[in-house]
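Written below as structure tokens is the structure these notes are about.
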Amino acid sequence: MADLNALLGQLIQGQIDLQNHIAALAAAQPQPAPPARKKVVADPGSFDGSPAKFHEWWSKLKVWIDITMDGANDATVAAAIYSRLTGPKAGRWAQVRLDQCMAAHTALVAAPPLAPGVPPPPPAWPTKQTLEAEIEGFFLPGNNQEWARAQLLRLRQGPRQRIDKFLAQFERLRYRVGA
């Protein structure tokens, strides 16, 4: 009987040890990551430089950038925006700006370390706020410099137009061009 009680005690202790071992293994397992929330925002597509479509595209693009590129660096945001500008006007402008940023980045990488007291050079890529102001300044129909320049070149005083009206129109266009 004593052997039976000893055997039964060993079985109970073995079961307790097994349960503790299983609990320790379960605790050591990494917790599964919560499923990532999918951010569903439609891609705004590309902008071909059409002034009539700018407001709609720009508002969609800003929302898309805020949602899908949260925490992205300036270079990634700028490249994403520049890559969506197409067409003869917008595409060329974006390519020139992209080339300028890449050249500035290459120069910064190749530059020797700065001496103490020397101010750092400007960043190679524009910040999101700077890029927004630059694009709005260039593509918004109300303050489009190229549009104003074209209007200024075609401006003629009509036969029944007063000189003060003509000069006011000329000054308004000249102010928009920045001359």
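The values are calculated or read from the model by the stated rules, or taken from the named source; none is laboratory data. As the structure is a prediction and not an experimental result, all values here were calculated from the model. Cβ coordinates were reconstructed from backbone atoms using ideal geometry, including for glycine residues, and neighbour counts include every protein chain displayed. Heads up: the accessible areas ignore ligands, DNA and RNA and are worked out on the full protein's heavy atoms, side chains in. Shrake-Rupley method; radii C 1.70, N 1.55, O 1.52, S 1.80 Å.
Which FRET efficiency value, to the nearest 0.05, do you get for THR130 and ALA110 by plugging their Cβ-Cβ distance into 1/(1 + (r/R0)^6) with R0 = 30 Å?
Efficiency, from the Cβ-Cβ distance: 0.80.
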Inset, instruction - Multiply the residue gap between SER83 and GLN29 by 0.36 nm, knock off their C-alpha separation, and tell me the result in nm, one decimal place. - result: 15.1 nm
Legend entry - For segment 163-170, Karplus couplings with θ = phi - 60° (6.51, -1.76, 1.60), whole Hz, Gly/Pro x: 5, 5, 5, 5, 5, 5, 5, 4
Inset, instruction - Once you have the Kirkwood Rh of segment 1-100 from its Cα pairs, apply Stokes-Einstein at 10 °C and 1.306 mPa s and quote D in µm²/s. - result: 84
Inset, instruction - Over all alpha-carbon pairs of segment 123-177, lay out the pair-distance distribution in 5 Å bins, whole %, shortest bin first. - result: 4, 19, 20, 16, 14, 10, 7, 5, 4, 2, 0
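Express the carbon and sulfur contribution to the solvent-accessible surface of the chain as a percent, rounded to the nearest whole number, probe 1.4 angstrom.
Details: 7960 of 12980 Å².
Here it works out to 61 percent.
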Inset, instruction - Obtain the radius of gyration and the Kirkwood radius of segment 36-88 from its C-alpha atoms and give Rg over Rh. - result: 0.99
Legend entry - Options (1) -0.25, -0.74; (2) -0.51, -0.95; (3) -0.26, -0.83 - which one matches log10 I(q)/I(0) by the Debye sum over Cα atoms at q = 0.08, 0.14 Å⁻¹ as calculated here: (2)
Inset, instruction - Could you work out the mean projected area of the convex hull around the alpha carbons of segment 50-120, in square nanometres to one decimal? - result: 6.5
Inset, instruction - Quickly work out the GLU56-to-ALA75 label distance, labels modelled 7 Å from Cα along the C-beta direction, and quote it in nm with one decimal. - result: 3.6
Legend entry - Å² per residue, accessible surface of the chain at 1.4 Å: 73
Legend entry - Distance between segment 125-173 and segment 82-102 - C-alpha centres, whole angstrom: 21
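For the chain, what's the relative contact order in percent, using C-alpha pairs closer than 8 Å and at least 6 residues apart?
18
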